[in-house]
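Inspection log for the structure reproduced underneath, given as structure tokens.
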Amino acid sequence: MSIITKEITKLYGEQKALNNVSLEIKSGEIVGLLGPNGAGKSTMMKILTCFIPPSSGSATVCGFDIIEQSIEVRRRIGYLPENNPLYVDMYVREYLEFIAGIHKLGQATQKRITEMIEITGLQVEQSKKIGALSKGYRQRVGLAQALIHNPEVLILDEPTSGLDPNQLVEIRNLIKNIGKEKTVMLSTHIMQEVEAVCGRVIIIDNGRIVANKSTSDMHINESNKQIIFVEFDAQVSKSSLKTINGVIDAQNIKDNKWEITANNDKDIRTDIFQFAVKNKFAVISMNKEEQTLEQIFQKLTKK
Ligand code: ADP
Ligand code: MG
């Protein structure tokens, strides 16, 4: 496990920013921490990167305790904080040298900087001042500084906020690429971002985890029914469709198109297909109704 948190609670005065949060992230995973503003995403990231301590609970990063072994933790974590604070008056290389100094990279510094500039696609902009860069390029500098000491784990707090659609796609692709070799936790309030980048999503609301699933499982309808839209090449009767094991109801939508409701014990698409084969129909199209991540998010986080 790269990250394990156990019952983390964080209080700011009276306010509970995190409430008993336990989660695990395996090494190599790209996990999205999804939640509305004020959910506690940044607080969780600041705790994992040893910037603030939890009020109670514990956490480890790569097996090291965030309180007892914070130096070991910091060595293994690359962090892109919210709003990516950069020194606008510094040149890109100068800034990366400064960060390399903090990590005591010594003789490896120049080689690492050149590598980071390549990985993050900063070649053309490398001799500019950070203040002269577009937001998308500043994010690249932010990623370069997070990666420079070759950490195992990357914590990225809203890495794409404020980017235009082109920059957004570029940065997402960059994160995906980097994520091939690292464990990544990124926060976002954009549902599509999670679908585009993450293998797993942890939805957090009001300081609590309300969902924790693989991105593909997220779409599975949680109700005890499944709905299948199917089109045959010939007329089929409602009564014959209802003979398929598990089918509760069949509604004719139009021509040979049907909306079939079934128990959610198992995916009945195979049964529908076999039914068609047995009766010498062809299945022209068949789709299972899925919830969009947006619908799930709203359902889970609406007050
Ligand atoms: P998110 O990153 O999901 O938007 P945060 O972790 O920044 O959420 O904040 C969670 C909650 O904690 C919010 O209600 C926020 O107002 C509160 N909070 C965050 N930082 C502080 C702080 N330094 N002092 C007091 N309250 C804070
Ligand atoms: Mg935040």
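The values are calculated or read from the model by the stated rules, or taken from the named source; none is laboratory data. Just so we're clear, the structure is a prediction, and the values are computed from it rather than from any experiment. Please note: Cβ atoms are built from the backbone with ideal geometry, for glycine as well, and neighbour counts cover all protein chains shown. Heads up: the accessible areas ignore ligands, DNA and RNA and are worked out on the full protein's heavy atoms, side chains in. Shrake-Rupley method; radii C 1.70, N 1.55, O 1.52, S 1.80 Å.
Overview of values
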item	result
FRET E, pair Gln123, Ile102, Förster distance 30 Å, beta-carbon r, rounded to 0.05	0.80
Estimated [θ] at 222 nm from DSSP helical runs (n ≥ 4, -39500 (n - 2.57)) normalised by residues in the chain, nearest 500	-9000 deg cm²/dmol
Computed over region 155-228: relative contact order in percent, which uses C-alpha pairs under 8 Å that are six or more apart	25
Over 30 Å (Cα to Cα) - which of Lys176/Lys299; Lys182/Lys288; Lys225/Lys278 fall in this group	Lys182/Lys288
Proximal lysines relative to Lys6, as straight alpha-carbon distance under 19 Å, when same-chain residues fewer than 8 apart are discounted	Lys16, Lys26, Lys41, Lys46, Lys213
Qualifying GluC sites (Glu not before Pro) for region 1-55 [loop in DSSP, other Cβ within 10 Å: at most 12]	Glu14
Summed side-chain charge close to Gln139 - residues other than Gln139 whose Cβ falls under 11 Å, Lys, Arg +1, Asp, Glu -1	+2
Label-reachable residues, region 7-40, where backbone N falls under 13 Å from a point 7 Å from Ile52's Cα toward its Cβ	9-19, 38-40
Accessible surface of the chain [probe 1.4 Å, protein heavy atoms]: carbon and sulfur percent	48
Cleavage-rule hits, GluC sites (Glu not before Pro), region 53-117, DSSP coil, Cβ neighbours within 10 Å at most 16	Glu68, Glu82
Candidate aspartates and glutamates - alpha carbon under 20 Å from Lys242, same-chain residues fewer than 8 apart omitted	Glu231, Asp233, Asp255, Glu259, Asp265, Asp267, Asp271, Glu289
Antiparallel DSSP beta bridges within the chain, as percent of all bridges there, nearest 5	70
Accessible area (Å², per residue) of the chain, counting only protein heavy atoms and a probe of 1.4 Å	51
Highest-first arrangement of 179-192, 160-173, 136-149, 238-251, where packing means the average Cβ count within 10 Å	136-149, 179-192, 160-173, 238-251
Contour minus Cα-Cα distance for Tyr87 and Glu7 (0.36 nm per residue)	25.2 nm
Mean Cα-pair separation over length for the chain, i.e. relative contact order, pairs under 8 Å, 6 or more apart, %	19
